[in-house]
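The values are calculated or read from the model by the stated rules, or taken from the named source; none is laboratory data. The structure displayed is predicted, hence computed values, not measured ones. Here the Cβ is made from the backbone with ideal geometry for all residues, glycine too, and neighbour counts use every protein chain on show. With ligands, DNA and RNA removed, areas are computed over all heavy atoms of the protein, side chains included. Shrake-Rupley method; radii C 1.70, N 1.55, O 1.52, S 1.80 Å.
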Amino acid sequence: MTGETTKMVGKKVRLCGWVATRRDHGKLVFIDLRDRSGIIQVVGDKKLGDLRAEDVVEITGIVRKRPKDMVNPKIPTGEVEVEAKEVKIFARAKELPFPIDTEGLDINEDLRLKYRFLDLRRPRLVKNLELRHRIIKFIRDWLNERRFIEIETPILTKATPEGARDFIVPSRLQPGKFYALPQSPQQYKQLLMVAGFEKYYQIARCLRDEDLRADRQLEFTQLDLEMSFVKREDILDLVEKLMTDITQLFEKKIYKLPFPRVDYKEALKKYGDDKFDLREKKEPNILAFTFVVNQPLFEWKKSENRWDAMHHPFTSPNPEDISLLKTGKISQVRSWQYDLVCNGHEIAGGSIRITDPKLQEKVFEIMGHSKEQIKRKFGHLLKAFEYGVPPHGGIALGLDRLVAVFAGEESIREVIAFPVTSSGQTSVMDAPSEVDPEQLKELGLDVIKRKI
């Protein structure tokens, strides 16, 4: 890679990459050759004269030290250049629809995502995706050292209410029935606790049919973890240690240690929101982590005239408030939920879970589910609890949001390789799209077009 040339002065090298720029000085032609590791200057004669921006080439040549007055301190390879001996062109490139040597934030985002394979050549995005890779690798190594086990859970699963609309997938083998794509691995990780794995994690893909914004995508990635035989403080301490170690690795500073614990009602009263920024000024290199605790277990859905779970229906009520469920004082019941916020963004959310089948049924009933619906939608989980369930809890950390915070980006789309647009269109491939009528027929589906 180009970044390794500084250690190879006087040696013959073979470099492959893209032509970033070409400068013709008559007898000598200079190009900047780019690969993922960066840029290096290549100098030659007419062998380079036919190259155009973004042509894909192979350069064979000798690494030379640049004259002192020609050193470029702005790039890591600025003290060397490659004297081209042979040039091979792998592919020619058309003129680009937009420049890729800028930050790109002034370019129409829909256009950028249409040509995302070009946009990703932008150094800023390369840096962001490398940062994402390093953070995820660090998390995996960190949890593995603490004897967590990474377990994958199904993508095709069952539709259950977890706070957002499900994406559903029709079954060809069982006409009229549908899978759902997971909003999270919530029930599977609880089943893994019943199975006795005790410390689980997964870099999980989650899908929710929600309205989009700068920090929300239809599909996203989260660090999902669950532990048995733990209390709330055990999980908060673990997350605080993980965040502290990541922050130190990437040379950021933490606003306050230990992370403050802020009561949910206090947060609303003091900041007007449960996602707030403790920093007095928007210092880019300082991360202000805070745990928000003691959220209500339920919230009133006025449009549906019913109670709904504030977090999700598997969240345990605070043991001190369980008696309030029996007396009907629903609004006063606190939960064992906890959220992690950082610089005004919700980074993670979790809870201690309900493990008493009768208490779980009671929560479902308060949310408006009939006994028949409870059995149909959640019977598998309640049945599992009859075979020895340990106390357990967990948390899900939004990796897209976390990486965006570390990268200093306003939108999570800047740290995702192929995000959807604000209207829900996928990058490059332009989905959703129409399906062949024969495939619909095979699935037993008809498309009813709405009148607009």
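Phi angles across region 242-248 convert, under the Karplus curve 6.51 cos²θ - 1.76 cosθ + 1.60 with θ = phi - 60°, into 3J(HN,Hα) values of 4, 5, 5, 5, 5, 4, 5 Hz, Gly and Pro given as x. Of all lysines in the structure, the ones whose alpha carbon falls short of 22 Å from that of LYS114, not counting any fewer than 8 places away in one chain, are LYS94, LYS127.
Label zone of ILE151 (point 7 Å out along Cα→Cβ, amide N under 20 Å): in region 344-377 this covers 350-357. Phi-derived couplings, Karplus 6.51 cos²θ - 1.76 cosθ + 1.60 at θ = phi - 60°, listed residue by residue for region 103-119: 5, x, 6, 8, 8, 3, 5, 4, 5, 4, 6, 4, 10, 4, 5, 8, 4 Hz, with x used for Gly and Pro.
Applying 0.36 nm per residue to the separation of THR244 and SER37 and subtracting their alpha-carbon distance, the gain on full extension is 71.7 nm.
The residues of region 1-59 expose, per residue, 54 Å² of accessible area to a 1.4 Å probe. Kindly identify region 294-337 as rounded, prolate or oblate by the Cα gyration tensor criterion: order the square roots of the eigenvalues as a ≥ b ≥ c, call it rounded if a/c is under 1.5, otherwise compare a/b with b/c, prolate if a/b is larger, else oblate. Taking the square roots of the gyration eigenvalues as a ≥ b ≥ c, region 294-337 is oblate. Here the sum of -39500 (n - 2.57) over DSSP H runs of 4 or more residues, divided by the residues of the chain, equals -7500 deg cm²/dmol at 222 nm, to the nearest 500.
Residue separation of ASP101 and LYS282 scaled by 0.36 nm, minus their Cα-Cα distance, works out to 62.4 nm of gained length. The distance separating the Cα centre of region 87-106 from that of region 292-313 comes to 50 Å.
3J(HN,Hα) along region 422-429, derived from phi through the Karplus expression 6.51 cos²θ - 1.76 cosθ + 1.60 where θ = phi - 60°, amounts to 5, 9, x, 7, 6, 4, 6, 7 Hz, with x in place of Gly and Pro.
Just name one of HIS369, ALA84, SER171: the one whose Cα is farthest towards the positive end of the charge dipole of the chain (beta-carbon charges, Lys/Arg +1, Asp/Glu -1). Ranked along the dipole, the leading option is ALA84. Among the trypsin sites (Lys or Arg not before Pro) in region 205-250, those located in a DSSP loop and surrounded by at most 16 other Cβ atoms within 10 Å of their own Cβ are LYS231. Panel note: the C-alpha atoms of region 329-449, placed on their principal axes, show extents of 48, 48, 30 Å (largest first). Hull volume per residue, based on the alpha-carbon atoms of the chain and their convex hull, is 210 Å³. Peptides 31-42, 432-443 ranked from most to least packed by the mean count of surrounding Cβ atoms within 10 Å: 31-42, 432-443. When the inverse distances between all different Cα atoms of region 110-197 are averaged and flipped, the Kirkwood radius reads 16.9 angstrom. Qualifying GluC sites (Glu not before Pro) in region 168-245, where qualification requires a DSSP coil assignment and no more than 15 other C-beta atoms within 10 Å, comprise GLU210.
Total Lys pairs in region 317-378 closer than 21 Å by alpha-carbon, pairs eight or more apart in sequence or interchain only? So the count works out to 11. Region 337-411 and region 143-172 have Cα centres separated by 12 Å. Return, ordered by residue number, the residues of region 95-110 whose backbone nitrogen is under 16 Å from a label point located 7 Å along Cα→Cβ of SER422. So the set is 105-110.
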